[in-house]
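Below is one structure, written out as structure tokens, with a few remarks after it.
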Amino acid sequence: MTRKGMMLAVLVLAGCTAFGPQMVARLGSDPVLSGGRYDSGGGLTVAADIREAQGRVLLCGVWAQSHQQSVLTKGKAVDVMGTGAVFLDGAALARGLVFMREVPPARDYGGQEAGCVLTERVWQAGYATAEPVIRLPRQVVHVEGDLGHFVVTFRQTGPGAGEPKAVQ
């Protein structure tokens, strides 16, 4: 690999990493939920909450993907999560949500063991009742054919992972 190629790879990897120490904690009883759906069926749910840690904002979250979805969207959830962000008071807390843990779809995400990142944001008392905003940008996740005859798009529509699998 050339020197320029190695530098580019390092910059790309640095841009994808969370900017604080990563930890594990349980989500609170009422996390914020969002997510979206693929044109071809199936989708994602993201659950997140914030709390104070070391005088800063600790952002924790999990995500789930549908059990039933198109083969065209298998493995695309990580890409979608990588483009996501969580905002608080209109400013980004974190961009790239790959630090969050994947969990199976659930009816309630409260109490789930979550991946967390300690942000640079200083904790303020008003954050105790504030709700973070999860944003997952609309994006093309699959294009089939030389001229893009078949395109699958992800759109943020709200929780989209669906119900948990029925126990037999």
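The values are calculated or read from the model by the stated rules, or taken from the named source; none is laboratory data. These numbers come from a predicted model, not from an experiment. Virtual Cβ from ideal backbone geometry, glycine too; neighbours counted across all protein chains shown. Areas reflect the complete protein model, heavy atoms only, side chains present, ligands, DNA and RNA absent. Shrake-Rupley method; radii C 1.70, N 1.55, O 1.52, S 1.80 Å.
Which far-off residues, 5 or more places away or on another chain, put their amide H under 5 Å from the one on Arg26, with H placed in the peptide plane?
Ala114
Using a probe radius of 1.4 Å on heavy atoms only, what accessible surface per residue do you get for region 91-138? Whole Å² is fine.
53
If every alpha-carbon in region 54-168 counts as one equal scatterer, what log10 I(q)/I(0) does Debye give at q = 0.23 1/Å?
-1.41
Could you tell me the extents of region 86-141's C-alpha atoms along the three principal axes, largest first, rounded to whole Å?
So the three principal-axis extents are 34, 30, 18 Å.
Computing the accessible area with a 1.4 Å probe over protein heavy atoms, can you report the carbon and sulfur percentage for region 41-168? Show your work: numbers first, answer last.
On the way: 3230 of 6460 Å².
The C+S portion of the solvent-accessible surface of region 41-168 is 50 percent.
Determine, from the Cβ-Cβ distance of Arg155 and Gln54 and an R0 of 25 Å, the FRET efficiency 1/(1 + (r/R0)^6), rounded to the nearest 0.05.
FRET efficiency, Arg155 to Gln54: 0.10.
Filter the trypsin sites (Lys or Arg not before Pro) in region 55-134 down to the DSSP loop ones having no more than 13 other Cβ atoms within 10 Å, then list what survives.
Loop-located and lightly packed - Lys74, Arg107.
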